[in-house]
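Engineer: Below is the structure I would like to discuss, written out as structure tokens.
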Amino acid sequence: MIEDFAARLDEAATTRKPCAQLSTDHELSLDDAYAVQRELVERRIARGERHFGVKLGFTSKAKAAQMGVDDVIIGRLTSGMVLADGDELDLNAFIHPRAEPEVAFRLSRDVEPGEVPGPDLVDAVAPAIEVIDSRYRDFKFSLADVVADNTSAAAFVLGQWQPLKAGLDNRGVVFEVDGRIAGAGSTAAILGDPLRAIPAAVRMAQRYGLPLTAGTVLLAGAATSAVALTAGTHVSATVSGLGRARFSVAEQGEPR
């Protein structure tokens, strides 16, 4: 069952044709969903990608309440999801992509099994943009569905890394599309303080066997609602005191 579900989601991603939610005709536990996620990402690794980082989902209280959950979820980032700052995104590689502004951290060392993370675990912070792209029809899913689908992870852009700063709990975030504000908020939307994403990610990674090594990137969570991407647009996220991350969308191609 686990391999079959992973194959279904992998086919949806590689063919850009959305599939039915797994929960439509199967009961899937959260442990099962994480097993599907692991198998799904291992298919990408087998094709030549490498583990690059992790991301948290449902770090917004409002989004968590909407989904009826009381804990974060975790997904895996691979090298094939990396988009360089300022580069162009091809919509033809996705189904129905959306983007949201984030804060990213970089791990300074390997995390030991059972370790309680200290302040030395992270050595850098950066503004970021995540591109999410559910492989399910109509971008609708249950909690188990989205976990199995690797938390809709699709691509991400990192701004310039800089030394870890204090006072990340209430920095302004502006998300712009073609120079117009598409969303504005605060880093407080990320668990009240993005730094809380670090122990949360370690806890979830240890629970579900995700690798956390030196240089691992952690996307802490979205600071505003996601915005659907369209051809020919320019997208940027600015976090007060941290700088900006940006990318453009190719002129040709529309999401399905």
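Engineer: For the stretch 1-147, compute Rg over Rh where Rg is the Cα radius of gyration and Rh is the Kirkwood radius from the inverse mean 1/r over Cα pairs. Intermediate results must be reported in sequence, preceding the final value.
Structural biologist: Details: Rg = 16.1 Å, Rh = 16.9 Å.
Over the Cα atoms of the stretch 1-147, Rg/Rh equals 0.95.
Engineer: Calculate the translational D of the stretch 49-130 in whole µm² s⁻¹ from Stokes-Einstein, where the hydrodynamic radius comes from the Kirkwood formula applied to all Cα pairs, the temperature is 25 °C and the viscosity 0.890 mPa s.
Structural biologist: In µm²/s, the coefficient rounds to 160.
Engineer: Could I ask something else about it? Remind me, relative contact order of the chain in percent, using alpha carbon pairs under 8 angstrom and six or more residues apart?
Structural biologist: Working: 605 pairs, mean separation 70.7, N = 256.
After rounding, I find 28 percent.
Engineer: Considering Cα pairs under 8 angstrom that are at least six residues apart, work out the relative contact order of the stretch 129-176 and quote it in whole percent. Working shown, then result.
Structural biologist: Details: 29 pairs, mean separation 20.0, N = 48.
So the answer I get is 42 percent.
Engineer: Charges on Cβ only, +1 for Lys and Arg, -1 for Asp and Glu, centred on the Cα centroid of the chain; of Leu107, Ala184, Ile129, which one is farthest towards the dipole's positive end?
Structural biologist: The residue sitting most towards the positive pole is Ala184.
Engineer: Can you pull the semi-axes for the chain, root of five times each eigenvalue of the Cα gyration tensor, sorted largest first, whole Å? Before the final figure, lay out each step's value.
Structural biologist: Numbers: eigenvalues 128, 105, 56 Å².
Equivalent ellipsoid semi-axes, largest first: 25, 23, 17 Å.
Engineer: Say each of Thr15 and Asp71 gets a label point 7 Å from the Cα, pointing the same way as Cα to Cβ; how far apart are those two points in nm?
Structural biologist: Once both label points are built, they end up 3.5 nm from each other.
Engineer: Here is a further query. Which FRET efficiency, nearest 0.05, do Glu251 and Val82 yield, Cβ-Cβ r, R0 25 Å?
Structural biologist: Details: r = 22 Å, r/R0 = 0.88.
E between Glu251 and Val82, to the nearest 0.05, is 0.70.
Engineer: Rolling a 1.4 angstrom probe over the protein heavy atoms, how many square angstrom per residue are accessible across the chain? Display every interim value, and only then the final one.
Structural biologist: Details: 11160 Å² over 256 residues.
Accessible area per residue, the chain: 44 Å².
Engineer: Can I ask one more? Does anything in the stretch 67-100 have its amide N under 20 Å from the 7 Å Cα→Cβ label point of Arg180, and if so which residues?
Structural biologist: 97-100
Engineer: List the residues, sorted by chain then number, that are 5 or more residues from Ser186 or on another chain and whose placed amide H is less than 5 Å from its amide H.
Structural biologist: Result for Ser186 returns Val173.
Engineer: Also: Before anything else, pin down the relative contact order of the stretch 98-146: Cα pairs under 8 Å, at least 6 apart, normalised by residue count, whole percent. Present the calculation step by step, with values, prior to reporting the outcome.
Structural biologist: Values: 50 pairs, mean separation 21.3, N = 49.
Relative contact order for the stretch 98-146 comes out at 43 percent.
The values are calculated or read from the model by the stated rules, or taken from the named source; none is laboratory data. Note that this is a predicted model, so its numbers are computed, not measured. Cβ coordinates were reconstructed from backbone atoms using ideal geometry, including for glycine residues, and neighbour counts include every protein chain displayed. Side chains included, ligands, DNA and RNA excluded: accessible areas come from the protein's heavy atoms. Shrake-Rupley method; radii C 1.70, N 1.55, O 1.52, S 1.80 Å.
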